[in-house]
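Here's the structure, in structure tokens; my notes come after.
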Amino acid sequence: MTTLLETIKECISPVGAAYLSKQLDASVATIGRMLKQAEENGYITSISNKGRIITPKGETFLESQMTQVELLQNAEEVIALAFSEDPKHSKDILEFRRLVEPYAVRCATIRATEEDLHEMRDLDFEHRYVTRKGESGSEQDLKMHLKFAELSGNSALFQVLRLLLTENNVYQYFSAITTMGEAGSYKDHEVILKAVYERDADAAAAAMEEHLDNLIKIVSKSMEN
């Protein structure tokens, strides 16, 4: 679907199935089915008998697909970091998280059901409880971040992030290093979750970005010492 839409978008004038069949090396029948599906989705529209052009909705869909590709195109390098024992790579991991997790929480805020929100409240309560007992809360913290990734609807993002955060006790390291900050991650989480509960996707993404910026500053400071 993406290749079809990109080809249509590149053309200045409306295009038909015969042209697309030649360009994409596919049968006219196959192209016809793809065009029908794209039109039903609102991604393209017919211009009289001249052919099809891409719609604003189609362009938005293409942009979203490109965003996902950009987020995951360096997945192999990122996965390699998960198996590295070099502490300097912790900052690299955080910077990757800063790229993907605001996107994940934005999508999660839009897609989450009431049952999902209830589960997040339970995780938040459990996190508050164990931290008040003097424990790190790293397990609950990890579950919360992975829940956002799962609810994003992007399975590749979820799998990469899960591997990245669970290998070599990476997340326990982040939880430990966070205690060096003045406020830690506790207040950051409050802001993120408040935005999620209020269904404010932009605020949730901004809060997650700020949270990860704070962690990057703390890790950078620790590396200087």
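A few remarks follow.
- Odd one out for E190, checked against (1) modelled with pLDDT of 90 or more; (2) surrounded by fewer than 18 Cβ atoms within 10 Å (Cβ to Cβ): (1)
- Within the option set F61, F125, F96, being in a helix (DSSP H, G or I), at pLDDT 80 or above, hydrophobic (A, V, I, L, M, F, W, C) and exposed (fewer than 12 other Cβ atoms within 10 Å of the Cβ) holds for one residue only, F125.
- Tallying residues that are open to solvent by less than 70 Å² (accessible area, probe 1.4 Å) and assigned to a helix (DSSP H, G or I) within region 103-122 yields 9.
- The sole residue among A80, A149 that is assigned to a helix (DSSP H, G or I), modelled with pLDDT under 85 and not aromatic (F, W, Y) is A80.
- Test: residue in region 132-140 that is surrounded by 19 or more Cβ atoms within 10 Å (Cβ to Cβ) and farther than 19 Å from R98 by Cα: yes
- Residue among I12, I31 that is over 30 Å from the mean Cα position of the chain (by Cα), at pLDDT below 90 and either loosely packed, with under 11 Cβ neighbours inside 10 Å or not in a strand (DSSP E or B) (or both): I12
The values are calculated or read from the model by the stated rules, or taken from the named source; none is laboratory data. None of the values given here were measured: they were computed from a predicted structure. Neighbour counts run over all protein chains shown; Cβ positions are idealised from the backbone, glycine included. The area values use the complete protein model at the heavy-atom level, side chains included, leaving out ligands, DNA and RNA. Shrake-Rupley method; radii C 1.70, N 1.55, O 1.52, S 1.80 Å.
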